[in-house]
1. With equal scatterers on the alpha carbons only and no solvent term, can you work out the Debye log10 of I(q)/I(0) for the chain at 0.11, 0.13 1/Å?
2. Can you compute the helix-only [θ] at 222 nm over the chain? Use -39500 (n - 2.57) per DSSP H run of at least 4 residues, normalise by all residues, nearest 500 deg cm²/dmol.
3. Can you give the longest run of the chain that contains no trypsin sites (Lys or Arg not before Pro) sitting in a DSSP loop with at most 15 other Cβ atoms inside 10 Å?
4. Rounded to the nearest 0.05, what FRET efficiency is calculated for Cys44 and Arg264 with R0 set to 51 Å and r the Cβ-Cβ distance?
5. Place a +1 charge on the Cβ of each Lys and Arg in the chain and a -1 charge on the Cβ of each Asp and Glu, then give the dipole magnitude about the Cα centre in debye, rounded to the nearest 20.
6. When the expected Rg is taken as 2.2 N^0.38 Å, what fraction or multiple of it is the alpha-carbon Rg of segment 147-303?
7. Which one, Ser53, Leu35, Ser200, is farthest towards the positive end of the dipole of the chain when Lys and Arg carry +1 and Asp and Glu -1 on their Cβ?
8. For Ile294 and His88 in the same chain, what is the full-extension length gain: residue separation times 0.36 nm, less their Cα-Cα distance, in nm?
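Every read-out reported here was derived from the displayed coordinates using simple, explicitly stated rules and does not represent laboratory data. Since we're looking at a predicted model, the values are computed, not measured. Cβ placement follows ideal geometry from the backbone for every residue including glycine, while neighbour counts extend to all protein chains displayed.
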Amino acid sequence: MQIWPLGGENAIGFAVVDYDFLLVLEIIVVFVFGLCIGSFLNVCSFRIAQGQSIVRPGSHCQNCKTPIRTLDNIPILSYVLLRGRCRHCKVKLSPQYPIVEAIMGMLCVLIGLAVGLDLRILRIEPAGPKLLEAAVWLSFCFFVVLIAAIDHRTGLVPDVISLPGITCGLGFITLLWKIGGASTTSRLVPSPFASSPLESVLGILIGGGFFFGIVFLSKGRMMGGGDIRIGALFGAYLGFRLALLSVLVASVAGTVLFMPALIRGRASRKTEVRFGPLLSLGAIVSSFCGKSLIDWYLKMFWG
Ligand SMILES: [Zn+2]
């Protein structure tokens with residue numbers, strides 16, 4: 001998608017109408033695609049946490065095990081129409097379903113806009129690098145949101161997610177580096193990804209090492225081994241700068257979100273705050289605006 005008007009086209013009335021229509025169409029297509037990815041992510045999050053296969057059996061109610069009909073399995077829409085309950089046993093379904101679907105839909109649109117995918121450009125330019133970069137970004141968001149969903153529910157981050165995540169990160173960065181996708185032009189947001197396999201490995205070591213330091217110093221009271229692997233995953237994709245920025249954004253977001261409760265005395269400092277979802281939020285914010293944030297900060301304070 002290309003949200004800046006291409007040169008000269010807006011001079012012709014027809015082109016403007018055509019252009020807006022195409023953009024809206026592209027956004028809808030990408031959003032629906034994201035909803036489906038979100039739906040699959042939900043399946044992964046519930047089944048991996050219970051040690052089940054993510055492929056078999058087909059979609060079924062977690063409570064009564066009745067298979068879910070295709071029509072009752074439409075992202076967001078089915079949840080709204082069934083008022084958040086199973087059609088058969090009426091058990092309440094987790095609000096995680098529509099929330100994660102909507103988040104993935106919106107993230108897919110943002111990725112499309114950021115990378116500059118354009119249905120028309122796909123026709124004229126080799127789209128390989130852009131599509132690859134969009135895929136890498138999507139895989140990053142997938143792991144990050146999956147971690148947030150599982151950590152929010154269970155307080156654990158299974159190794160079967162974080163370790164493949166780190167491997168995928170390093171693999172994808174190597175592929176991007178070979179193809180040169182991270183440097184594609186006509187994009188809205190600078191590429192957040194590590195620019196070479198070396199930067200990715202450094203990211204794993206420093207991102208993971210940072211949390212290892214915290215775990216070591218706090219003797220495991222503040223964080224656990226899962227957090228070390230989350231840090232390494234962020235570093236594998238984003239390099240160590242943006243991985244550390246993710247932690248900073250997470251801390252600021254945590255302070256802002258929990259300060260009102262602390263002040264009103266509803267939470268004590270001992271209230272357990274699950275850091276995983278906050279870290280995921282920090283990583284997603286860093287991937288979309290981290291480089292701009294760092295540039296802005298450097299200009300502000302260092303001229
Ligand atoms: Zn049921």
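1. -0.76, -1.03
2. -23500 deg cm²/dmol
3. So the longest stretch without any such site is 91-218.
4. After rounding, the FRET efficiency stands at 0.90.
5. Roughly 1380 debye, rounded to the nearest 20.
6. Rounded to two decimals, the normalised Rg is 1.10.
7. Farthest towards the positive pole: Ser53.
8. Length gained between Ile294 and His88: 69.0 nm.
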